[in-house]
Structure formats: C-alpha cells, structure tokens
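What follows is a set of notes on a single structure, which appears directly below.
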Amino acid sequence: KEKTLAIIKPDGLYDNCTDKIKNAIFDSGFRIVKEMLIQLDEESAMSFYAEHSSRSFFSSLVKYMTSGPVLIMVLEKENAVADWRALIGPTDASKAKITHPNSIRAICGLDLQKNCVHGSDSPQSAQREISFFFKEKSSG
Ligand code: ATP
C-alpha cells in the first residue's frame, strides 16, 4: 500500500485539534505506520521546505514551523498521497472554510500560512519526506 507523510503543524497541536485530525485519519481508512512528536530547529525546517527558499514567505514559514512541536506521521492506505491531500483540503484554510468546509484545514486551520497540516504532494515527495524524518530504510 502507498505511504504519505503527514505533519500536524504547531497550530494544529496548540489548538488541540489533534484528536479531530486523528479521527478524520482513521475514519478515512488510513493506518498510522509511524509517529513522532518533535520540535523542529531552524535548520531542519529550512531544509524540509528548501523548495520554497526563494519565496517571500519563507522566513515566516520557518518561524511558524519552529514555533512549537509538530507531530510527524507516516500514513498508509491505497492512494494515500492523493487521498490525504483531498482530506486536508486547499492550502489557504480561510478559503477552504468556504469551498471545502469538511476538510481538515477548513475545520482546524486559520489562513494561508497557519493551515494546521502538511501532506506530501506526490509519491516521489512522500518517499523523500519520509526518509527525511525516518532515516532507517523503509520497507513495504
Ligand atoms: P504543504 O506542503 O504544507 O502540505 P501545500 O503543498 O498546500 O502545503 P505549499 O505551496 O507547498 O502548500 O506551501 C507550503 C506551506 O507554506 C503551506 O502549507 C503554508 O503553511 C505556507 N505557505 C504557502 N504559501 C504561503 C503564502 N503565500 N504566505 C504564507 N505562507 C504560505
């Protein structure tokens, strides 16, 4: 089965949305294969979001992602990457509240930056992001 990387971002944990998010994960048929609560340092946040390093919001994004602990999860199911992206909804949580009111970002997110969760955008990204956080060889 396919795996994807999910992150509950600092606002998702601050707002005590973790239970809601996990219920949505289980209700949608995902299995949580690995889970790790960590505090990202600046260097790892910059490295994780390296593709956005030239964007105007980069330093703000790094500050946000290091503002508190994050919950890193590997999720598994058929079509995990696309299904998790669909479940979390559009990047801008304030727009998601209108267009995708049942999505996780609509329910637990706030705006374009504070959108409470991350999801890998392709199977290739998922592999890279999973090995970024879980160094050991991933099997299955
Ligand atoms: P993610 O990669 O976290 O799943 P995404 O693929 O929907 O989100 P990206 O475009 O990859 O969105 O942006 C990564 C993250 O950077 C977003 O989730 C959001 O937190 C933040 N972000 C994106 N665009 C902006 C922006 N214009 N202003 C502020 N923050 C932004």
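Coordinate-derived values only; no laboratory data. A quick note: this is a predicted structure, and the numbers were derived from the prediction, not measured. Glycine also receives a Cβ, built like all others from the backbone with ideal geometry; neighbour counts cover every protein chain displayed.
Quick notes on this structure:
- Inter-part distance where the stretch 61-140 and the stretch 1-49 are each reduced to a Cα centre, Å: 7
- Extension gain, Asp111 back to Lys95 (0.36 nm per residue minus Cα-Cα distance, nm): 5.0 nm
- Toward the positive end of the charge dipole of the stretch 2-133, with +1 on the Cβ of Lys and Arg and -1 on the Cβ of Asp and Glu, the farthest Cα among Ile130, Met36, Met65 is that of Met65.
- Gain upon complete extension [Tyr49, Arg128; 0.36 nm per residue less C-alpha separation]: 27.2 nm
- Helical content of the chain, expressed as a calculated mean residue ellipticity at 222 nm, amounts to -11500 deg cm²/dmol (DSSP H runs of 4 or more residues, -39,500 (n - 2.57) each, divided by residue number, nearest 500).
- Spatially proximal lysines relative to Lys95 (Cα-Cα < 24 Å; intrachain offsets below 8 disregarded): Lys9, Lys20, Lys22, Lys63, Lys114
- Gain upon complete extension [Gln39, Phe26; 0.36 nm per residue less C-alpha separation]: 2.2 nm
- Dipole magnitude for the stretch 2-133: computed about the Cα centre from +1 point charges on Lys and Arg Cβ and -1 point charges on Asp and Glu Cβ, it is near 220 debye.
- Ignoring the sites themselves, the chain has its longest run without GluC sites (Glu not before Pro) in a DSSP loop having at most 15 other Cβ atoms within 10 Å at 1-77.
- Most positive-pole-ward Cα, His52, Phe26, Leu110, against dipole of the chain from beta carbon charges: Phe26
- Take every pair of alpha-carbon atoms less than 8 Å apart whose residues are at least six positions apart; their mean separation over the length of the chain yields a relative contact order of 36 percent.
- Solution diffusion estimate, µm²/s, Stokes-Einstein, the chain, Kirkwood Rh from C-alpha pairs, 20 °C, viscosity 1.002 mPa s: 143
- Relative contact order %, the stretch 34-113, counting alpha carbon pairs below 8 Å whose residues are six or more apart: 27
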